[in-house]
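The values are calculated or read from the model by the stated rules, or taken from the named source; none is laboratory data. If you're wondering where the values come from, they're calculated on a predicted model, not measured in any experiment. Quick reminder, even Gly has a Cβ in these numbers, built from the backbone with ideal geometry, and neighbours come from all protein chains shown. The accessibility values were calculated without ligands, DNA or RNA, using every heavy atom of the protein model including side chains. Shrake-Rupley method; radii C 1.70, N 1.55, O 1.52, S 1.80 Å.
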Amino acid sequence: MSIQTKSETGFVSLRNIYKTFNPGSVNEVVLFTDFNLDIVKNQFVAVVGSNGSGKTSILNLLCGSLPLGSGEISIGGRDMGRLKEHERSKFIGRVFQDPSKGTCPELTILENMALADNKGASFGLRRGVNKRRVDFYRSRLELLKLGLEDKIHLPVASLSGGQRQALALLICTMAPLDLLILDEHTAALDPRSSETVMELTERLVREKSLTTLMVTHNLKYAIGHGDRLIMMHRGSIVLDVSEQDKSALCTRDLTDKFNEISLEDGN
């Protein structure tokens, strides 16, 4: 399994990225040195790697929650370096590991969906929920197959972690997106809820043809979902497979690669 290089500029592009944490101190850590990654439009990419490999830092750089050292980041030809984090959120959707981060717990399911439905719109002195959209919200909730369409007036705080994460994923993808980021979005869930959320993820990504970047520690999900799989190690891509090569992978291939890296590091 050799590394595939992407010479063309992708729909999502990170070029010549340099990032150092705590520069000039005894705790200085150089993570990225001339790092490059291109993702084509509508591609679903799964990213795996050990702690500190740089996979979450890629997400934070894209979203703007982590300042860039040097280099260029673009999405759909738009220069991200010119935009602040809240400006990027207009066309980047992110689902976090913690189910509580993707919803407003004190608001009802209906109110959460109405907020998502009006993402990017201005709010005046008018009702936050358009009653004519309630049936549409119910129809979207039916996709979850969790019975939430019958609990639309309940506060989100009353939901289980799995229900809340499924709702977070649904409302994140209601408005048009250039990029969907999934940040360990099943890690805090029990196995059954994780399967439900991953099935929903696959369905929504395909239905809406979303360009998607998913970071996960679950090797089964990384292999079973998406068009392309990347393995990170110490700020570099050590494995990049897609299409037929990816479909031929098994978890043993990835664990063997992890073990190979560990031996090279003297661990």
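Just give me the residues in the range 57-115 being open to solvent by less than 40 Å² (accessible area, probe 1.4 Å), over 16 Å from the mean Cα position of the chain (by Cα) and closer than 27 Å to V134 by Cβ, in sequence order.
Correct list: T108, I109, L110, N112, M113, A114.
Return the residues of the range 242-256 that are free of Cβ contacts under 8 Å to residues at least 40 places away in the same chain and out of contact with any helix residue (DSSP H, G or I) (no Cβ under 9 Å at 6 or more places or on another chain); say none if nothing qualifies.
E243, Q244, A248, R252, D256, listed by residue number.
Does at least one position in the range 143-151 carry a residue that is buried (at least 22 other Cβ atoms within 10 Å of the Cβ) and of a type outside the set (S, T, Y)?
Among the residues of the range 143-151, at least one is buried (at least 22 other Cβ atoms within 10 Å of the Cβ) and of a type outside the set (S, T, Y), which makes the answer yes.
I'm trying to understand the selection: among the residues of the range 152-162, which are open to solvent by 30 Å² or more (accessible area, probe 1.4 Å) and part of a helix (DSSP H, G or I)?
If the condition is that a residue be open to solvent by 30 Å² or more (accessible area, probe 1.4 Å) and part of a helix (DSSP H, G or I), then A157, S158, G161 are the ones that fit.
With L177, L167, L143 as the choices, which residue is over 19 Å from the mean Cα position of the chain (by Cα), closer than 16 Å to V95 by Cβ and touching a residue at least 12 places away in the same chain (Cβ under 8 Å)?
Only one candidate qualifies: L143.
Quick one: would you say I58 is out of contact with any Phe, Trp or Tyr (no Cβ under 8 Å at 6 or more places or on another chain), in a strand (DSSP E or B) and of a type in the set (V, I, T)?
Spelling it out, it is not the case that I58 is out of contact with any Phe, Trp or Tyr (no Cβ under 8 Å at 6 or more places or on another chain), in a strand (DSSP E or B) and of a type in the set (V, I, T).
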